[in-house]
Each structure stands twice: as structure tokens, then as C-alpha cells.
1. In debye, nearest 20, what is the charge dipole magnitude of the range 229-277 about its Cα centre with +1 on Lys and Arg Cβ and -1 on Asp and Glu Cβ, if you could check?
2. With +1 on each Lys and Arg Cβ and -1 on each Asp and Glu Cβ, and nothing else charged, work out how big the dipole of the range 7-137 is about its Cα centre, in Debye to the nearest 20.
3. Straight-line reach from Lys267: which lysines have Cα under 26 Å away, leaving out those fewer than 8 places along the same chain?
4. Return, for the Cα atoms of the chain, the radius of gyration and Dmax in Å, separated by a comma.
5. Taking the Cα centre of each part, how many Å lie between the range 338-385 and the range 113-133?
6. In nm, give the distance between the simple-model label positions of Ser211 and Thr322, each being 7 Å from the Cα along the Cα-to-Cβ direction.
7. Please work out the FRET efficiency for the pair Val419 and Tyr41, using the Cβ-Cβ distance as r and a Förster radius of 25 Å; give the result to the nearest 0.05.
8. With charges set only on the Cβ (+1 for Lys and Arg, -1 for Asp and Glu), what does the dipole of the chain come to about its Cα centre, in debye to the nearest 20?
Amino acid sequence: MLEDESFSSFRRFVFKSRFNKTIVIFSFVAIIFQFCIFKYYYPHASYINGDSFVYLQMAYFNFKVGVYPIGYPRILRFFSLFFTSETFLILFQYIFIYISLFCFLLSIFFFYRIRKVLRILLVLIAVFNPVFLYLANYISTDSVFVSLSICWFTSLIWILHRSSIKVFLLHAVLVFLTFTIRYNALYYPIISLVVFFLCKERLFVKIIGVSTMGVLIGLFIAFTGFQYKSLTGIFQFSPFSGWQMANNALSAYRYVDSVDRKEVPQKFRLLDQDVRRYLDTTPYFKLMDPYGMDVNATYMWSPVSPLRIYMKKVVTDDSSLTKIREWAYMAPLYKEYATVLMRNYPKQFVRSYLWPNFVKYYVPPVEFLETYGFNADTVDQITEVWFGYKENKLTSRFKDKNVYILSYYPIICGVFNAVYVMMSFSFFVLGGVKLNRGLFRTWGLFTVFWVVNLLFSVFASPIALRFQIFPLILCVALNFILFDFMLTVYKAETKSNLAVN
């Protein structure tokens, strides 16, 4: 029997187990020590050109809606009430990752009691993982979204194994919070509903959980939609999706030969003419993003993109339209246009966008994390004022801004995804469905998430490592659990064979 196998209460399991107390204390000291060293060499936060400064602008002017969801700008405003220095925000983002990670890992240890050596390895991988330092150092939603997503998945594990009305209510709040941070959470409620349906809980508790989640998400969607309606006259939740779909469609449309192009409906004729003219006269190498391989977001952000140029043509007579209004105003049209292109050229879309993006899912490029601050060594005036910088120049104690230590992460992602497929096959071959029903439920939960996340990620936007950190964390943990199960089966069969002999 394991040293902490007798604990039936999770609280006692965490605080009364000598082993768990030791790893928690050790981990806390280690992560604080690492953070201090990291901030010595990287005294400033990292910024993504465009994204980071947009979040700060939304926070500075207290926008109710923006290009991105309002959750992260609200966090920035909250921290500004107490701290001016960016260091406290970065520390919060860093600590939040580890709080969520240890809630997840300790829950895994509680329900599965895997071998101590495997638990130690998992903790060491989590504690001494450099990607969390670089991720948390960005003024971006990445680290907060990863943390909330881990908490969301952990709550699903509890719903499957030891649910209660408190867990259901906490889960509803977590889904709502992830919804306000990033659009990637759009499919989270679907997975939650599947788990609600499969868990062994009383019906009225399930109804309370579903209702609470539905009300919170519904209110947020309604609030956002009506804000956009007041701006543009059109109710919409995410203008970002319309621009993203258009960008993705043009990534494939550029490979359609001029003689094979089909006519589009009348409402898209002028837009399509601009797009065709641009694709026919702009060399492909000028569109390339060095971090995006064959799939990138150039058509969304480049000022010379045909989508941007057409937007200026459409709104040029309306001086009352601000940048966010322009963006939101064009989104429905671009969404419809993208749908037409995908329907007209399905083969090109699969071959030129979906397939390259699928390859990137297997081996996601490091992208912004490849350099400190993505080479943004200066900040705009709003950022300078917000964080109280004495100057707009950012410095580090490294002459080289390249982050070489993260260069191997694409390979790690590919390896762990491949190992998960093999481990899953072995789990079924060894009779895991009958031998460990609890593990089978967790395996099913992660597999559903893994498949849905793959489909959503491949179709939604160009894939990068920072978007796949959360799935990678889950994948590593599940591989360890499945490996422990295989060792248990092997040990049992070995004993059985020795007894027979």
C-alpha cells in the first residue's frame, strides 16, 4: 500500500501526507527561486507586437468590447489598482500557472495513486519547465488561459469521480472565466455537457450545473453582442472569427489559378476583385511569416492586406467609425465571403490550409516564444505610462534575444502525442476498460478533448506552441497514468505466472 493510500479526504491527502507536503514545499521554494533568477536576466515583461499593446489599450480606455475578449484587460485594470510595476502581474501569472498545475497533479495523485517515482518525475517536469517562465512573462492571455483551462479540466475530473453541487458551481464559474479570456474556450461548454451527461450525479445537481453555466455564458454573450450591435447595428459575439475565417480562406485562395476561379455573389464582387488583384500582383514571399510556415495571419494584420484595404474603402465616408467599429463592421461580410470561398474551393482549402495546419498541430512552431519579447524592444506611450517605465526602451542582461531552450518543444509535442496514441492502444489491448473504469472515464474525457481541440485548432487559426501548452500538459500527465497502469498489469501477470510455475 502507498504511504498516502489511506486518505479518503482530498484535504487530508494534500496536507497530512508527508510526501505531498514535501513536494509542495519543495516546489514552492524552487519556483520562487527560478522566478528571481529569471527576472534578474529579464527585468521587463515581454510584448507581442500588436496583441500586448491592444490589451493594454483596452484596459487603459476601459473598453467594454475590443478585438479580443475583455477578460484579460479587466485583469490588467484590477492589478493597476494595487501595483504599478509589471513584476507583480508577471508573478501572479507565473504563480497562477503552478497553483492550477498542482491542483491538477494532486487530483491525479489522489484518484489514481500512481507510483511514487512517477509522481516525482511529473512534479520535476512541472517545476523545472522553462516554458512557464517565458509564457508568464508575456503581457498576453496565454498564461492566464492555460491556468484557467487546467482548473477547468481538473474540475471535470472531479465531476467524473467525486462530484458535488460545489464542484458543479465552481466548474460553471471556470467555464465562464475562460470564455472571457480567449475565444479558444468556445468548445469547452460542449465537452462539459458531455461530462455532465455521463457522470453519476443526481439530476437536479446536473440541472443546476448546466443552468449556472448557461446563464453566465449567455449573459456574457448577450452583453458582448449588444455592445457590438450598438457600435455596428449587427449583433455578433466575435468579430474576430469573421476576420480569422477570411484570413484562412485567402491562405488557400492564393493557390487557385486565375482560370479556375469561380464567380462570387454580387455582394462580394468588389471585395473579390481587390483580393484577386492583390493575389495576382503580390509575390508569395512577401506574404510569408517566418514563424507561420505556409499558414499565417498576414491577411488579418498586414496594412496592405486586401481585407484591410477594402475595409478602408467601405468605411471611408463614415468618420464616426473608430478602429474597433471598423473591425466589427466588416466581420460579418468577411465571414460570409470566407464561407463562399471554402465552399467553392474545398480541395484547395484542405490541401493549402487544413493540412499544413494539421502538421503544425503535431509539431507546433515556437513562434513568439522563440525570442525574448518577440524582438519588441520598445513600448508605446500607453504601456510606458501604465507600468511607470522611465523610458520606452526594454532591456535584458542577455545580448542574444533568442530563447534556445524552447527550441526542442515542437519535437516534445510530437513525441508525446505519438506516445499517447500508442499508450491508448495498449490500454485497450490490456483490458483497461474492464480493469480500471475510473481511468477509462478520464482517458475518454481527455481523448474527447484531444480530438475536439485538434479539430478546432486546425480549422480556427494558425497553430503555435503557446496555444498547445495546455493540451501538452494533459497529454504528459495521461501518458504517465497510462504507463503506471501498464506497469501494474505487467506486475500482476508476472506474479500470476510465477504462482502457476
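1. With only Lys, Arg, Asp and Glu charged at Cβ, the dipole is about 120 debye.
2. Computed about the Cα centre, the dipole is about 860 debye.
3. Once the sequence-local lysines are set aside, what remains near Lys267 is Lys229, Lys312, Lys313, Lys323, Lys335, Lys347.
4. Radius of gyration, then largest Cα-Cα span, for the chain: 24.5, 90 Å.
5. 30 Å
6. Between Ser211 and Thr322, the simple spin-label model gives 3.8 nm.
7. In this case the efficiency is close to 0.15.
8. In debye, rounded to 20, the chain gives about 1260.
No value in this document is a laboratory result; all are computed from the given coordinates. Just so it is clear, the structure is predicted and the values come from calculations on it, not from any experiment. Neighbour counts run over all protein chains shown; Cβ positions are idealised from the backbone, glycine included.
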